[in-house]
Amino acid sequence: MLMKTAIKFARVEATILEDIKVRDLLITGWGKDQEYIGANLRGANLISADLSNANLKLADLGEASLQAANLNNANLTEALAIGTNFTTAQMSGTCLEGWNIDHTTILDNVESKYIYLLEEAKPETDDRERRPSSGYFQEGDFTKLFQEVLNTVDLIFRNGVDAKAFMSSFQQVQVENEGIPMKIQGMENKGDGVVVIRIDVPPETKKEKIHQDFMEIYEQNVRVLEEKYQKELQETKRYISQNIQDNQKQHQMELAEIKKQDARLEEQNKHMISLVNEIFQKSTSANYLVTLNFEGGSFATGFPVIRANIWLENHPFPISFSSNLPPNSDFYNV
């Protein structure tokens, strides 16, 4: 009663008590089936609290006391648990995907039969990566399982990972945290675009800072690269568009030149046909001497090549030219 009264009249602005659900949890210790997504529970006294089936995804549990708390089937996906005390906590069926722990996280004597490493099952296998895959943990197995995790920073990417942005970010984080040895332990594709990359760091490293530094730098690098990609894409589009326009202009010019040549050839053919007709009409006159050499063809199909020589009266040299003649049905039907 005294605690309720004290909290009622306390100034809770800018504290974890600002959230009424958090206040109720701290007063009653009852959080079963409740939603605490992203809740600020840093330093909270949750000893023996019932948080079974509670959703604590992305919650800040840093330095909180959860000794003997009931976390069976709770969701601790990406929860921050640096310096958190889970001594003798119950954690059977708990989802621990990407939770952030380090050497200051106390996992002594945790009671757990099994846990899940994925919040949602893989569509192709319906597998949430249960540990152990079958059967149950023996005493001490839970702590052993996460001993390796205590020395790594898990970086979770939900929309794939940009390799160039990642390597650039990794190098920047190494420079900014000079003196802290880091190396990439491995990468795991969880499916549906989710990729987890583990970074080996010394046990005493402040993993929260490394994680925060990396994700901030990575997001910044992704934005920079995206702007660069978009700029290059626009330049490529402009280049292609300009080439298309230039090709269209060139094609139009070539078509215009072809039309001009066709027109000239048509005019020459008309002139040739007219001249040949005139020659045939006057072929009996003594004023003309005409020789025509046909290189293949017929009146039915036309003559592809005609070489003509015309001698005019009082001219010692002939007029010579070459052309072609189209089919002429009048001659063909004679």
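Test Ser92 against the criterion of being part of a loop (DSSP other than H, G, I, E, B), at pLDDT 95 or above and of a type outside the set (Lys, Arg), and give yes or no. Judged against the criteria, Ser92 is a match. Filtered by the rule that a residue be among the charged types (D, E, K, R) and either under 25 Å from Asp60 (Cβ atoms) or buried (at least 19 other Cβ atoms within 10 Å of the Cβ) (or both), the stretch 189-212 gives Lys190, Arg198, Asp200, Glu204, Lys206, Lys207, Glu208, Lys209. Inspection of the stretch 255-267 identifies at least one residue that is acidic (Asp, Glu), modelled with pLDDT of 75 or more and closer than 27 Å to Ser323 by Cα.
Scan (1) over 26 Å from Ser112 (Cα atoms); (2) surrounded by fewer than 18 Cβ atoms within 10 Å (Cβ to Cβ) for the single condition Val161 breaks and write down its number. It is condition (2) that Val161 fails. When we screen Glu188, Glu267, Glu208, Glu227 for residues that are out of contact with any Pro (no Cβ under 9 Å at 6 or more places or on another chain) and touching a residue at least 60 places away in the same chain (Cβ under 8 Å), the only hit is Glu208.
All conditions in (1) at pLDDT 90 or above; (2) of a type in the set (Asp, Glu); (3) within 21 Å of Ala59 (Cα to Cα); (4) more than 28 Å from the chain's Cα centre (by Cα) hold for Glu111, with the sole exception of (3).
Just so you know, in the stretch 23-51 the residues that are of a type in the set (S, T, N, Q) and closer than 18 Å to Asn73 by Cα include one that is surrounded by the most Cβ atoms within 10 Å (Cβ to Cβ), and it is Gln34.
So, Leu80, is that one touching a residue at least 24 places away in the same chain (Cβ under 8 Å) and under 27 Å from Ala121 (Cα atoms) or not? Yes: the conditions hold for Leu80. You will find that of Leu118, Leu71, Leu61, the residue that is surrounded by 18 or more Cβ atoms within 10 Å (Cβ to Cβ), more than 19 Å from Ile199 (Cβ to Cβ) and touching a residue at least 40 places away in the same chain (Cβ under 8 Å) is Leu118 and no other.
When Ser112, Ser134 are checked against the criterion of being farther than 27 Å from Ile199 by Cα and of a type in the set (Ser, Thr, Tyr), Ser134 stands alone in meeting it.
Within the stretch 153-180, being touching a residue at least 60 places away in the same chain (Cβ under 8 Å) and out of contact with any Phe, Trp or Tyr (no Cβ under 9 Å at 6 or more places or on another chain) holds for Ile156, Lys164. Can you find a residue in the stretch 21-32 that is in a loop (DSSP other than H, G, I, E, B), under 27 Å from Lys190 (Cβ atoms) and touching a Leu at 6+ places or on another chain (Cβ under 9 Å)? The answer is no, given that none of the residues of the stretch 21-32 is in a loop (DSSP other than H, G, I, E, B), under 27 Å from Lys190 (Cβ atoms) and touching a Leu at 6+ places or on another chain (Cβ under 9 Å).
The values are calculated or read from the model by the stated rules, or taken from the named source; none is laboratory data. Source: prediction; values computed, not measured. With ideal geometry, Cβ positions are generated from the backbone for all residues, glycine too; neighbour counts draw on all protein chains shown.
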